[in-house]
Amino acid sequence: MTRLGMTASRSALTALLVFAAMPATVLAGDLSRYRDFQLGTNLSAVAKQAGTSPSEAKAIHRRPALIQELEWRPQPLGPSSQRESAQEVVFSFYEGELFRIAVNYDQYEIEGLTVDDIVEAISATYGLAAKTPSPAKTAQEPYGDQEEILARWQDPQYRFDLIRSTYRPGFKLVGVLKRLEAPAQAAILEATRLDIQDAPQRDAERMAREEETERARLSNSRLLNKPKFRP
């Protein structure tokens with residue numbers, strides 16, 4: 001091999017080793033956002049971007065921390081007839097700060113696409129994906145569905161997972177702000193525990209209100225019907 005060839009080979013090898021040693025965050029895209037929505041943004045700003053009002057957000061839990069959700073259905077820009085692949089986006093807030101973005105894809109708009117097709121498209125935005133080993137990690141959903149994590153994009157602050165339900169067709173992309181993920185999950189678990197603990201009292205209070213409402217209705221009906229009653 002000529003000296004020139006040896007020099008070129010050394011340079012290529014050095015470049016390859018440097019590239020291999022680069023952290024994943026260098027190779028990744030901007031994982032802090034989905035489209036123009038930035039994780040960590042407050043509710044008012046997200047609602048404005050989505051073209052809605054903060055009052056449209058649903059309070060999922062109020063104690064021990066305020067957990068809210070805001071739904072958004074993307075629409076194609078301009079007069080284009082092209083449909084949106086994202087059917088619905090759910091923004092979740094912990095004490096008014098956006099900590100989770102869940103993108104539910106329209107099963108008809110992605111019909112026929114393979115997992116590799118979807119991973120490839122997402123990787124164009126977020127960089128190389130780290131596929132989970134088989135069997136994939138699963139997450140328990142509120143209604144008992146098991147969810148399979150197919151691919152993951154992450155850096156020290158943010159993470160996006162491509163997820164498929166094991167019971168229902170379709171895919172979704174979930175992004176989280178890591179620093180708020182644990183406190184939000186802890187708050188949700190505690191809120192669920194408190195709800196279960198207080199359920200008997202809430203049920204009793206509800207029944208008392210319903211009974212009082214019914215008594216008031218019957219009393220009003222009596223006032224109307226008694227004078228005109230004819231046996």
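The values are calculated or read from the model by the stated rules, or taken from the named source; none is laboratory data. Bear in mind the structure is a predicted one, so any value in this text is a computation, not a measurement. Here the Cβ is made from the backbone with ideal geometry for all residues, glycine too, and neighbour counts use every protein chain on show.
Computed values, structure above
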item	result
Count of segment 111-137 residues which are within 19 Å of the chain's Cα centre (by Cα), modelled with pLDDT under 95 and over 17 Å from Glu147 (Cα atoms)	1
Complete set of residues in segment 159-212 that are touching a residue at least 24 places away in the same chain (Cβ under 8 Å), in a helix (DSSP H, G or I) and of a type in the set (A, V, I, L, M, F, W, C)	Leu180, Ala184, Ala187, Ile188, Ala191, Leu194
Filter result (of a type in the set (Lys, Arg) and under 27 Å from Leu66 (Cα atoms)) within segment 188-218	Arg193, Arg202, Arg206, Arg209
Tally, over segment 107-123, of residues that are without any contact (Cβ under 8 Å) to a residue 40 or more places away in the chain and either within 16 Å of Ala86 (Cβ to Cβ) or acidic (Asp, Glu) (or both)	8
Residue check, Ala204 closer than 30 Å to Ala102 by Cα and modelled with pLDDT under 90	no
Within segment 192-231, tally of residues that are within 30 Å of Ala151 (Cα to Cα) and among the small types (Gly, Ala, Ser)	0
Matching residues, segment 143-164, being more than 23 Å from Thr192 (Cβ to Cβ), within 14 Å of the chain's Cα centre (by Cα) and at pLDDT below 95	Arg164
Exclusive hit being farther than 30 Å from Ile196 by Cβ, buried (at least 16 other Cβ atoms within 10 Å of the Cβ) and at pLDDT below 95, set Ala28, Ala21	Ala28
Segment 37-94, residues that are touching a strand residue (DSSP E or B) at 6+ places or on another chain (Cβ under 7 Å) and acidic (Asp, Glu)	Glu56, Glu69, Glu71, Glu88
Lone qualifier among Ala124, Ala130 - being of a type outside the set (Asp, Glu) and over 23 Å from Pro169 (Cα atoms)	Ala124
Unmet requirement for Pro227, which otherwise passes all of (1) in a helix (DSSP H, G or I); (2) farther than 30 Å from Ile122 by Cα; (3) not hydrophobic (A, V, I, L, M, F, W, C)	(1)
Residue satisfying condition, being under 30 Å from Ala130 (Cα atoms) and at pLDDT 50 or above, within set Leu70, Leu43	Leu70
Exclusive hit being in contact with a strand residue (DSSP E or B) (Cβ under 8 Å, 6 or more places away or on another chain) and not polar (S, T, N, Q), set Ala191, Ala216, Ala208	Ala191
